[in-house]
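Novice: Take this structure first; my questions come after.
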Amino acid sequence: MTAHAIELKGISKAFGPVQANRNISMSVAKGTIHGIVGENGAGKSTLMSILYGFYKADRGEIWIDGKLTPIPDSQAAIRAGIGMVHQHFKLVENFTVVENVILGAEDGALLRPSIAKARRLLTELSEEYGLKVDPDAMIEDLSVGHQQRVEILKQLYRHADILILDEPTGVLTPAEADQLFRILERLKEEGKTIILITHKLREIMEITDTVSVMRRGEMTNTVKTADTSPAELAEMMVGRKVLLEVDKAPATPGDVVLKVDKLRVVRGGVERLKGVSLEIRRGEILGIAGVAGNGQTELLQVLGGMIPAQGGTVTLHNEPLDVTGKHSNGQTRRARGIGHVPEDRQTEGLIMAYEAWENVAFGYHQDPKYNTGLLMNNAAIKDDCADKMARYDVRPPNPRLPARNFSGGNQQKIVVAREMDRAPDLLLVGQPTRGVDIGAIEFIHKQIIALRDQGKAILLVSVELDEIMGLSDRIAVMFDGRIMGERLPSETNENELGLLMAGVTQGAA
Amino acid sequence: MDKMPKWADVVLIPLISVVLALVVSGLVVAIIGESPWRAMEIMVRGAFGSAYGWGYTLYYATNFIFTGLAVAVAFHARLFNIGGEGQAALGGLGVAIILLGVAWPHWTIALLAAVLFSAAFGAVWAAVPAYLQAKRGSHIVITTIMFNYIASALMVYLLVNVFRVEGSMSPESATFAEAVHLPNAASFAGFLGFRGSTPLNFSFFLALLACVFVWLLIWRTRLGYEIRAFGHSDSAAVYAGINPTKIIMITMIISGALAGMMAINVVMGEAERLVLDFVEGAGFVGIAVALMGRSHPVGVILAALLFGALYQGGAELQFEMPAISREMVVVIQALVILFTGALDNMVRMPMQAFFLSLRRRREAGARTPAE
Amino acid sequence: DGPAVIFDLGGKFDRSFNESAFNGAQRWAEETGGTFREIELQSDAQREQAMRRLAEAGANPIVMAGFLQETPLSVVAPDYPDTTFVIIDAVVDAPNVRSVIFAEHEGSYLVGMLAAMASETGTVGFVGGMDVPLISAFGCGYAQGVVAVNPEATVIANMTGTTPAAWNDPVRGGELTRGQIARGADVVYAAAGGTGLGVLQVAADEGILSIGVDSNQNYLHPGSVLTSMLKRVDVAVYDAFLAGPDVETGVHVFGLEEEGVGYALDEFNAELITAEMQEAVDAARAAIIAGELMVHDYRTDGTCPVQMQ
Amino acid sequence: MDFLTIVQILDSTVRLATPLLLACLAGLWSERAGIFDIGLEGKMLAAAFFSAAIAFTTGSVWLGLFAGIVASVFLSGLHGVASITFRGNQLISGVAINFLAAGLTVVIAQTWFQQGGRTPQLATESRFGNIVLPGAETRIRDIAQQGPLGQVYSELISGHSILVYVALLMVPLTWFLLYRTRFGLRLRAVGENPAAVDTAGVSVVGLRYAAVVICGVLCGLAGAYLATALNAGFVKDMSAGRGFIALAALIFAKWRPWYALSACLLFGLFDAIGNRYQNIQLGEFIVPVQFMQALPYILVVIVLAGLVGKAIPPRAGGEPYVKER
Ligand SMILES: Nc1ncnc2c1ncn2[C@@H]1O[C@H](COP(=O)(O)OP(=O)(O)OP(=O)(O)O)[C@@H](O)[C@H]1O
Ligand SMILES: Nc1ncnc2c1ncn2[C@@H]1O[C@H](COP(=O)(O)OP(=O)(O)OP(=O)(O)O)[C@@H](O)[C@H]1O
Ligand SMILES: [Mg+2]
Ligand SMILES: [Mg+2]
C-alpha cells in the first residue's frame, strides 16, 4: 500500500464556544479523489482550512506523505504542496488574473519578470487543461466560473500536489462542473491528490474514490464510494432518511398572474435585459434556466423592485406594475403581494447582524401587524418569528440568535419562511438551495411546491439544472438578456437545455 | 452563544480600560515630577466631590451627550459624522437668532423655539454633506470636516460683523433677555447644594430626553430599523425597499439636529449669549463618546459623564497643581480614548479566554458527575 | 490672601499678552518674595468658574487678561464685593473692578512712523492675528503713523485667520509676509502672537525689516527687527499686585504717557533707528501725550481713516 | 496681476503643498494597506516637535529629522498595535493619536524648555536651508529684477528646502514601489482583500505593519518640514489641520500617487491664493476676509461634489482582518 498523501490525527478546533472540529482523524491515499460531505456547519470547511494553515488547530497532527508536517500558516501548506480553492474565493477583485496568480508566488522583487513568466505559464496551463482565461482581465469582470478557473490556476501555478476544493460546483453550470471534473480526473492521473467538499451527492458518486461524512464537528464515517449509495450517504449525514427526488403532482395552471412584456434593463452601461417577455399563471412554477450572468439576476431584481427598468411593461393580475418610475421599490412590490427570495441571502436577503426575529420582519417592517402606532411591536415580531422557526424547522429555533450564527441552510430557511409564509400571489425565488445541505434542500423544495399547490404563481431562477427540471412546470431558458425558448420539463432533457443556455437555437443545432 | 457574559462586555471591559488609561496617565504625571496619587484624588474630588463639581461635570456631560448622540445616530447608518463641531456652532447661531430676534415672554416658550432653531440650523449644516454623499458620492468624512472649517469662518464673520455689540470688542452677541434665561440647577435642585453660579441648567433634562428619543428612534421605530439595516448592508436595504438617499438624508438631519441642540446648553443655558468658538471640541469628543458608548444612548450617557468628569476634574487639577497644564488634561483624555476605544480588545481578548475557560471547566464539571 | 492671575485661552506662554502678564506677576514675586495663584483657562465655560474659585479661595486682587473675560467678570464681580478684580484689555463697570486698557493705536502709530521712515520702497506691511477689532486697532494706528510720515505710502494689511488658530500659525504668517514683500513691502509689523514669529523669521530670511509686538522681540533677529511695539501688560499686572487688595478701581488707560505702550530701543536695533527717526517719533509721542495729535482708535467706530490694502 | 505675483503664488503653492503631499502619501501607504489613518495630523505634530527639539539641542537638523521620524513612527506603531494586533477601531485610534500628540508635545516641550509648550527659535544652522540652484537669485527683491524665465527659475524652481525636492521625489518612488514591485502588489492586495494575501501564504500583519511604518516615516518628514524648514521651531498645534486636508486630498486623488501630487498642489494653490487675496472688492460688494479664508474648504467640497464623484476606497479599508470571530 502506498503512503498516505494526507493523514490527519486527532484534529480539534474550537471557535470560542463552538466546537467546530472534534478529534478528527482522516487519511487520503495518494492519487485519489476523496469526498467530504456533511450538513451546513458540520465543520468541513474548518477542517480543510486547518489543513491549509488558514486556521490553527487547537490539537492534532498533520502528516503529509508519511512525514509529520506542522502547518502553522498557509505558507507552510504551500511549501508542503497543498493548494486550496475556498468556498468563498480569495481573489483580489480589482486585480488582473495574472496579478492574482502571482500574488505570494512572485519571483524576485520586481514584478515585470514575474508577470511575463506567469503569462507564459498561464497560456501553457490553460491549453493543457482547457482552463481559458484572459490573463489581463480584472477579476470583477469575470463570471464566477472564470473566477474559479483563476483559483485553480493559482494552485497549479504553485505546483500543488494536494488540491482541496470547497464546494466548487455551487456556482457552476452543469457544463462548467463537467469540465471541472474532467480536469480533476486529469490531475488525479498525474498523481495529484484531491479533496472535494460538496453537497451534491451525484458529484460524489461520479468522481470520488472514497468519501467521509461529517456530523456536528465529528467525522462519523469513511467509506469507499463504490460501496455506498446517495441514499445511504444522505442518511449518514442527516441522521434520517432523506427524499432525494422532488415529489410533486402535475400542475393545474389558472389565470395569468404576472405578465412581463419587452422588459429592458441597462446597468453600468450594459444592456442586461434586451426585451424579455413572459407569463406566469396561478398554480404554476416557471423555471428560468441559464448560465449565471445572462440577465436572470436583473430579471429578479427588477421584478423585486431592487433596480429600475429602462423600458417595457409588467402587469400583475392585469393591473400595471410600475417598474421604471419612482415608486418601483421592494416596499411597493410587497404591498402588491409579491414575495422575493433573493439570490444572495447574505448580502440581500438578510441583515447578518440582525437577530432572527428582526430578519423575520425585514422588508415587512411596515406591516401593521408588526407595529403599534409609531413604534414597532417587537413582542409580536418575536412571537411570529418563533412560530415561523418552528414551522419551517429552523435550527436552532432561537429568535434571539443573530443571522450570521445560523448555518447557510438555516439562514435560507429564515428567508424562505419570511417570504413564503404570507402566501404571496407571486413568489420570486433565486437560487433557493445554493450551498444548502441536502436536508434543507428537501425541505425548501417541499415548501415551494406546497405554495404552488395553493394556487400561487412562482418564478424560479436557478443555475442548478436538476433543480429547474425537478421543480418547474415550464422552463424558460435565458441567454444574453433574452428568452431563448420555453420547454416543458417532460418534453426536454439536459442536453437540449444546455444548448439553449449556450445560445444555440434549434435551427443552428 | 456568546464568549462571555454581557455584563463583562459592557461594564467590566470599559472599566479596566479606563483604569489602564489612568495608570498610564499617572506615569506621565510622575514623569513630569508630580504625585499621580494626589492628581488622581484632586480629579475625582474635583469632578464628583461636591455639588459644585457635579454642576460642572454634568454641564460638560450635557454637551457630550448631545454630540455623542449625534455621532451615534449617524453611526447606525454607517455614516461617520465628524461635523458635530460645525453643526453645533450653527445650532448656536440658530439659538442666538431666535432669542435675540423675538421678545419671548417666558423661557419655556423660548426653549421650545431654541430647540427648533438650534436643531434646524444644525440639521441644515449636516444636510448639505448628506446630500452630497447620497447624490454625488462625496465622502462624508471629508465634507463634514470641511463644513467645520466653513462654519468656523462663517461664525467669525457673523460675530464680528453682525452680532457684535456696538462698541464692544469681544466677538460675541448681546446677552439674551432676562426672561429667556434657563433655570439652572440652583433653582430646580438647590436642595442638592447647587449654587446660583453652577452652569448646570435645564438643558440637562433635554439631553436625557434626547437619549430616550434616540433609543426609541433606533430600536423601536421603523425608521430606526431601516437606519440600522442600511448601516449593516446597503444592498440588503435596497432589497427590502429602503431608499438609501432617504436614509442618508434623514439620519444626517437627525444627527445634525442633535449636535445643533448642544448649543442650547452652552449658549442659552450657560453663556446666555453667543460667543466665539463656544463648541470647543465637543463635536470631536462626541466621536469618542459615541464609540465608547457603543452608539447606545445609555453608553453615551456613561461615556459623556466620564468625559465631563475628565474636563471638570482636569480643570480642578490645573487650579490646584500649577505644574499640570491643560495639555496634561488633553493627554489624559487621549489615553482614555485610546484605551477604551481603540485598545479595548487588548483587555477583551484575555477576558474572553478567561470566561471561556471558566465555562469549559463548568461544563466539564457538570458532565463528570453524570458519567 | 495674596494676588492671583487668570490666563486666557492662549496660555501663559503665548509670547503675547498672557506671557507678558505672567512676566509681571513673576517680577512681583521675585521682588517681594510673595506668592500668587494662577489659572490657565481651558475653555470658555471655565472663565466664571475660575474667577469664582479664586475669589472664594480668598485671592485678592484677581487679575485677568483678555477682552473675552469682560462678560463673565461683569456677572461675577457683583457677587464678591470684597474682592478686587483687575481686567486688562476690557472695561467692566463695577465698583470693585479695575479696568486697564491700552492705547495700542498710539503705540502702533509710533512704530508706523518708524516703519515709514525705514522703508525704501514706500510700501509697508501689517500682519494681524485673529481678525478682531483689537487687532484692527493695532493695524489702524500703524497705518496712521505710516501715512503721517509718508502720505504716499502704501500699507498692505493681512489678517492671519478668523479663528483662534490664527494666533498660532507661523507658517501662514510667513506666507503672508512673503506676499507682502513681493508687493514691495520692506517693513512688516506683526501683531499676531505666535504667528508673528513666522513673520519675523521670513523678514529676516528675506533681508527686510520687521516690527515685533507686545514684549520686546528685538533680540529674536538682531538687525532685522526694526523695533517692537511694547504693550506693558506686565506693568499693569505688576502694579496691581504691588498695590494689593486696595488697588484703585475704575478705568485706567495705559497710553504713551503712562508708558503703557511704546516702542523698544535696545542694543539689537540701535543701528536701525537713526537719531533723526528717534527724534521724529519722540516728537509725535509728545504731541499725542499733549493732546495735540489725535490717533484714531478703530474700536470707537469700527472704521479707519487710512485705507489699507 | 503681474507675472511675478503668479510665480510667487505658484512658489508659495509648492511650499504649502509639500507637507500636504508628504502627509497625503503617508495616508496613501497606510490606507492602501487597509489601515485608515485620521491620525496623520497627530503624527505630523509629534514629528514637528521632536525634530525641532532635537535640532535645537544638538544643533543638527539631520538629527532633528531623525528624531521627528522616530516619534512619528512610534505613534504609527501605536496605531498599528491598536488596529492590526488588537483589531481596534481605526478611526478612534486616529482620533486618540491626534489628541495625544496635541497634548504630549506641549507637555514635553514645557518640561524641557519652559517656554510654554514651544521650542526655542531655531538658528539658521539648525534648520533646513533653501537649496539655491546654480545661477538663481535668492531674495525676492532681486528676483523681481529678473526676466520671466529667470523669475520662474529663481523663485519657483530654485530656493526650496531639500525636503521639498524629497517630497516631490516620493511621488514617482511611491508609484514605482506600489505598482512595479512585489512588495507593492502584496501591499495593495492586503488593502483590497487580506484573506487573499493570507491564503497566498503572505503575512497580512507584516505587510500592514510595514505600511504603517512607511506612513510614519513620511509623516515624520512632513512634520520635520513644518518645524525645521517652513518654520524655525515648534509651536503648539502648528500642523493646523493639514493632516485633515491631506486626507481630503487623498480621497480626491482616489488613493493614487500622481493624483495625490495634483490634489496637494491644488490645495496648496487654494491656500496660497487665500493667503494672498483678502477683502476682494467686487463692484460695490466687498468679499469678506472670512470668505477668502474659507474658500479652500469650500472649493474642496465643490471639487469633491462636482469632479470626483464616487471615490472608492480600498475595499478592506478600515476593517480589521479577523479570521476567527
Ligand atoms: N471563522 C469562524 N469563526 C467562528 N466560528 C466559525 C468560523 N468558521 C466556522 N465557524 C463555526 O464552525 C462551525 C463549522 O463551520 P464550517 O464552516 O467548517 O462548516 P461547513 O461544514 O463548512 O458548512 P457549510 O456546508 O455551510 O460550508 C460552524 O458552527 C460555524 O459557526
Ligand atoms: N467568521 C465566522 N464567524 C461565525 N460564524 C461563521 C463564520 N464564518 C462562517 N460562519 C458560520 O459557519 C457556518 C458555515 O459557514 P460557511 O462560510 O462555510 O458557509 P455559509 O456562508 O454559512 O453558507 P454557504 O455555504 O451558503 O456559503 C455558518 O453557520 C456560518 O454562519
Ligand atoms: Mg463550508
Ligand atoms: Mg456553505
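The values are calculated or read from the model by the stated rules, or taken from the named source; none is laboratory data. Remember, predicted model here, so these are calculated numbers, not experimental data. Heads up, the Cβs are rebuilt from the backbone with ideal geometry, glycines too, and the neighbour counts pull from every protein chain shown.
Novice: Kindly indicate whether B:ILE253 is out of contact with any strand residue (DSSP E or B) (no Cβ under 8 Å at 6 or more places or on another chain), surrounded by 24 or more Cβ atoms within 10 Å (Cβ to Cβ) and not basic (Lys, Arg).
Specialist: Values: out of contact with any strand residue (DSSP E or B) (no Cβ under 8 Å at 6 or more places or on another chain): yes; surrounded by 24 or more Cβ atoms within 10 Å (Cβ to Cβ): no; not basic (Lys, Arg): yes.
Considered against the rule, which asks whether it is out of contact with any strand residue (DSSP E or B) (no Cβ under 8 Å at 6 or more places or on another chain), surrounded by 24 or more Cβ atoms within 10 Å (Cβ to Cβ) and not basic (Lys, Arg), B:ILE253 comes out as no.
Novice: Scan (1) outside any helix (DSSP H, G or I); (2) at positive phi for the single condition C:GLU271 breaks and write down its number.
Specialist: The failed condition is (2).
Novice: Yes or no: the stretch C:142-151 includes at least one residue that is touching a helix residue (DSSP H, G or I) at 6+ places or on another chain (Cβ under 7 Å), without any contact (Cβ under 8 Å) to a residue 40 or more places away in the chain and either buried (at least 24 other Cβ atoms within 10 Å of the Cβ) or away from chain B (no Cβ under 14 Å) (or both).
Specialist: Scanning the stretch C:142-151, I find at least one residue that is touching a helix residue (DSSP H, G or I) at 6+ places or on another chain (Cβ under 7 Å), without any contact (Cβ under 8 Å) to a residue 40 or more places away in the chain and either buried (at least 24 other Cβ atoms within 10 Å of the Cβ) or away from chain B (no Cβ under 14 Å) (or both), so the answer is yes.
Novice: Taking the stretch A:65-112 on its own, how many of its residues are surrounded by 22 or more Cβ atoms within 10 Å (Cβ to Cβ) and in a helix (DSSP H, G or I)?
Specialist: 9
Novice: What number of residues in the stretch A:128-146 are at pLDDT 90 or above and either crowded, with 21+ Cβ neighbours inside 10 Å or outside any loop (DSSP other than H, G, I, E, B) (or both)?
Specialist: 2
Novice: With the checklist (1) over 26 Å from A:THR372 (Cα atoms); (2) within 14 Å of chain A (Cβ to nearest Cβ) in hand, flag the one item B:ARG228 doesn't pass.
Specialist: So the condition that B:ARG228 fails would be (1).
Novice: Could you say which residue among B:VAL95, B:VAL23, B:VAL44 is closer than 22 Å to D:VAL95 by Cβ, among the aliphatic types (A, V, I, L, M) and part of a helix (DSSP H, G or I)?
Specialist: Numbers: B:VAL95 fails: closer than 22 Å to D:VAL95 by Cβ; B:VAL44 fails: closer than 22 Å to D:VAL95 by Cβ.
Selected residue: B:VAL23, the only one of B:VAL95, B:VAL23, B:VAL44 that is closer than 22 Å to D:VAL95 by Cβ, among the aliphatic types (A, V, I, L, M) and part of a helix (DSSP H, G or I).
Novice: Would you point out the residue of the stretch A:181-201, among those that are under 24 Å from A:GLY498 (Cβ atoms) and within 16 Å of the chain's Cα centre (by Cα), that is nearest to ligand 2 (Cβ to nearest atom)?
Specialist: A:HIS199
Novice: Please specify each residue of the stretch A:397-438 satisfying the condition of being part of a loop (DSSP other than H, G, I, E, B), away from ligand 1 (no atom under 15 Å from the Cβ) and more than 21 Å from A:ALA42 (Cα to Cα). Spell out the reasoning first.
Specialist: Restricting attention to the stretch A:397-438, the residues satisfying the condition of being part of a loop (DSSP other than H, G, I, E, B) are A:397-401, A:406-407, A:421-425, A:431-437.
Restricting the remaining residues to those that are away from ligand 1 (no atom under 15 Å from the Cβ) gives A:397, A:399-400, A:421-425, A:432.
Scanning the stretch A:397-438 gives A:PRO399, A:ARG400, A:ASP421, A:ARG422, A:ALA423, A:PRO424, A:ASP425.
Novice: Look at A:PHE479 and say whether it is modelled with pLDDT under 95 and under 21 Å from A:ASN294 (Cα atoms). Reasoning before the result, please.
Specialist: Values: modelled with pLDDT under 95: yes; under 21 Å from A:ASN294 (Cα atoms): yes.
It is true that A:PHE479 is modelled with pLDDT under 95 and under 21 Å from A:ASN294 (Cα atoms).
Novice: Please pick out the residue among C:ALA137, C:ALA115 that is touching a Leu at 6+ places or on another chain (Cβ under 8 Å) and touching a residue at least 12 places away in the same chain (Cβ under 8 Å). Break it down stepwise before answering.
Specialist: Working: C:ALA137 fails: touching a Leu at 6+ places or on another chain (Cβ under 8 Å).
Only one candidate passes the filter, namely C:ALA115.
Novice: Anything in the stretch A:7-63 that is more than 14 Å from chain B (Cβ to nearest Cβ), more than 19 Å from A:PRO168 (Cα to Cα) and not in a strand (DSSP E or B)? List them, or say none.
Specialist: Hits for the stretch A:7-63 are A:LYS30, A:GLY31, A:GLY53, A:TYR55, A:LYS56, A:ALA57.
Novice: In the stretch C:118-132, is there at least one residue being assigned to a loop (DSSP other than H, G, I, E, B) and within 14 Å of chain B (Cβ to nearest Cβ)? Can you show your working first?
Specialist: Looking only at the stretch C:118-132, we keep the residues that are assigned to a loop (DSSP other than H, G, I, E, B), and these are C:119-122, C:131-132.
Within this subset, residues satisfying the condition of being within 14 Å of chain B (Cβ to nearest Cβ) are C:131-132.
Yes, that holds for at least one residue.
Novice: Continuing with the same structure: Scan the stretch A:177-195 and tell me whether some residue there is within 16 Å of ligand 3 (Cβ to nearest atom) and either crowded, with 20+ Cβ neighbours inside 10 Å or not hydroxyl-bearing (Ser, Thr, Tyr) (or both).
Specialist: In the first step, residues of the stretch A:177-195 are kept if they are within 16 Å of ligand 3 (Cβ to nearest atom); the result is A:195.
Going one step further and asking which of them are either crowded, with 20+ Cβ neighbours inside 10 Å or not hydroxyl-bearing (Ser, Thr, Tyr) (or both), we end up with A:195.
Yes: one or more hits.
Novice: Also, quick follow-up: Give me the helices (runs of 4 or more DSSP H) completely within the stretch D:88-178, filtered to those with at least 2 residues that are away from chain C (no Cβ under 13 Å) and either within 19 Å of the chain's Cα centre (by Cα) or not acidic (Asp, Glu) (or both), ordered by residue number. Lay out the reasoning, then the answer.
Specialist: Values: elements: D:90-113, D:140-143, D:148-151.
By residue number, D:90-113, D:148-151.
Novice: Assuming B:SER170 fulfils every condition listed in (1) more than 7 Å from chain D (Cβ to nearest Cβ); (2) surrounded by 24 or more Cβ atoms within 10 Å (Cβ to Cβ) apart from one, which condition is it?
Specialist: Failed condition: (2).
Novice: Let me ask you something else. Can you give me the number of residues within the stretch A:223-251 that are surrounded by 14 or more Cβ atoms within 10 Å (Cβ to Cβ) and modelled with pLDDT of 80 or more?
Specialist: Here the count works out to 13.
Novice: Just a yes or no: is a residue in the stretch A:362-376 within 12 Å of chain B (Cβ to nearest Cβ), farther than 29 Å from A:VAL260 by Cβ and in a loop (DSSP other than H, G, I, E, B)?
Specialist: For the stretch A:362-376, residues within 12 Å of chain B (Cβ to nearest Cβ), farther than 29 Å from A:VAL260 by Cβ and in a loop (DSSP other than H, G, I, E, B): present.
Novice: Determine, yes or no, whether D:ALA232 is among the aliphatic types (A, V, I, L, M), touching a residue at least 40 places away in the same chain (Cβ under 8 Å) and more than 14 Å from chain A (Cβ to nearest Cβ). Give the steps one after another, and end with the answer.
Specialist: Values: among the aliphatic types (A, V, I, L, M): yes; touching a residue at least 40 places away in the same chain (Cβ under 8 Å): yes; more than 14 Å from chain A (Cβ to nearest Cβ): yes.
It is true that D:ALA232 is among the aliphatic types (A, V, I, L, M), touching a residue at least 40 places away in the same chain (Cβ under 8 Å) and more than 14 Å from chain A (Cβ to nearest Cβ).
Novice: Now for a different question. Residues in the stretch B:162-199 that are at positive phi and under 25 Å from the mean Cα position of the chain (by Cα): how many?
Specialist: Going through the stretch B:162-199, the residues at positive phi turn out to be B:167, B:193.
With the extra rule that they be under 25 Å from the mean Cα position of the chain (by Cα), the set shrinks to none.
Counting residues in the stretch B:162-199 that are at positive phi and under 25 Å from the mean Cα position of the chain (by Cα) gives 0.
Novice: Let me ask you something else. Test C:ALA65 against the criterion of being more than 11 Å from chain B (Cβ to nearest Cβ), buried (at least 20 other Cβ atoms within 10 Å of the Cβ), modelled with pLDDT of 90 or more and touching a Phe, Trp or Tyr at 6+ places or on another chain (Cβ under 6 Å), and give yes or no. Walk me through it before giving the result.
Specialist: On the way: more than 11 Å from chain B (Cβ to nearest Cβ): yes; buried (at least 20 other Cβ atoms within 10 Å of the Cβ): yes; modelled with pLDDT of 90 or more: no; touching a Phe, Trp or Tyr at 6+ places or on another chain (Cβ under 6 Å): yes.
Spelling it out, it is not the case that C:ALA65 is more than 11 Å from chain B (Cβ to nearest Cβ), buried (at least 20 other Cβ atoms within 10 Å of the Cβ), modelled with pLDDT of 90 or more and touching a Phe, Trp or Tyr at 6+ places or on another chain (Cβ under 6 Å).
Novice: Right, another one. Tell me the residue from A:VAL85, A:VAL150 that is away from ligand 1 (no atom under 16 Å from the Cβ), within 30 Å of A:ASP65 (Cα to Cα), touching a residue at least 12 places away in the same chain (Cβ under 8 Å) and within 24 Å of the chain's Cα centre (by Cα), please.
Specialist: Working: A:VAL85 fails: away from ligand 1 (no atom under 16 Å from the Cβ).
Being away from ligand 1 (no atom under 16 Å from the Cβ), within 30 Å of A:ASP65 (Cα to Cα), touching a residue at least 12 places away in the same chain (Cβ under 8 Å) and within 24 Å of the chain's Cα centre (by Cα) holds for just one of A:VAL85, A:VAL150, which is A:VAL150.
Novice: Moving on to the next point. Please determine, by comparing only the residues of the stretch D:1-32 that are polar (S, T, N, Q) and at the interface with another protein chain (Cβ under 8 Å from one of its Cβ atoms), which one is farthest from D:LEU168 (Cα to Cα).
Specialist: Start the filter on the stretch D:1-32 by keeping residues that are polar (S, T, N, Q), which leaves D:5, D:8, D:12-13, D:18, D:30.
Adding the requirement that they be at the interface with another protein chain (Cβ under 8 Å from one of its Cβ atoms) leaves D:5, D:8, D:12.
Details: D:THR5: 23, D:GLN8: 19, D:SER12: 15 Å.
Looking at residues that are polar (S, T, N, Q) and at the interface with another protein chain (Cβ under 8 Å from one of its Cβ atoms), I get D:THR5.
Novice: Suppose we filter the stretch B:306-326 for residues that are facing chain D (nearest Cβ under 9 Å) and either at pLDDT 85 or above or within 21 Å of B:PRO199 (Cβ to Cβ) (or both); how many remain?
Specialist: Final tally of qualifying residues: 1.
Novice: While we're here: Residues being more than 7 Å from every other protein chain (Cβ to nearest Cβ) and out of contact with any Asp or Glu (no Cβ under 9 Å at 6 or more places or on another chain): count how many of those fall in the stretch A:89-104.
Specialist: Of the residues in that region, 2 qualify.
Novice: Output the qualifying pairs, or none if there are none: Cβ atoms under 7 angstrom, residues six or more apart or on different chains, first residue in the stretch A:421-447 and more than 17 Å from A:GLY339 (Cβ to Cβ), second residue more than 15 Å from ligand 1 (Cβ to nearest atom) and among the hydrophobic types (A, V, I, L, M, F, W, C).
Specialist: A:ILE438/A:VAL242; A:GLY439/A:VAL242; A:GLU442/A:VAL242; A:GLU442/A:LEU243
The rows are residues; the columns are (1) in contact (Cβ under 8 Å) with a residue 24 or more places away in the chain; (2) within 14 Å of chain B (Cβ to nearest Cβ); (3) in contact with a strand residue (DSSP E or B) (Cβ under 6 Å, 6 or more places away or on another chain).
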residue	(1), (2), (3)
C:TRP167	yes, yes, yes
C:VAL187	yes, no, yes
C:GLY196	yes, no, yes
C:VAL199	yes, no, yes
C:VAL202	yes, no, no
C:ASP205	no, no, no
C:ILE208	yes, no, no
C:GLY212	yes, no, yes
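Novice: Consider A:SER27 against the criteria (1) more than 16 Å from ligand 1 (Cβ to nearest atom); (2) in contact with a Leu (Cβ under 6 Å, 6 or more places away or on another chain): it satisfies all of them except one. Which criterion is unmet?
Specialist: Of the numbered conditions (1) more than 16 Å from ligand 1 (Cβ to nearest atom); (2) in contact with a Leu (Cβ under 6 Å, 6 or more places away or on another chain), the odd one out for A:SER27 is (2).
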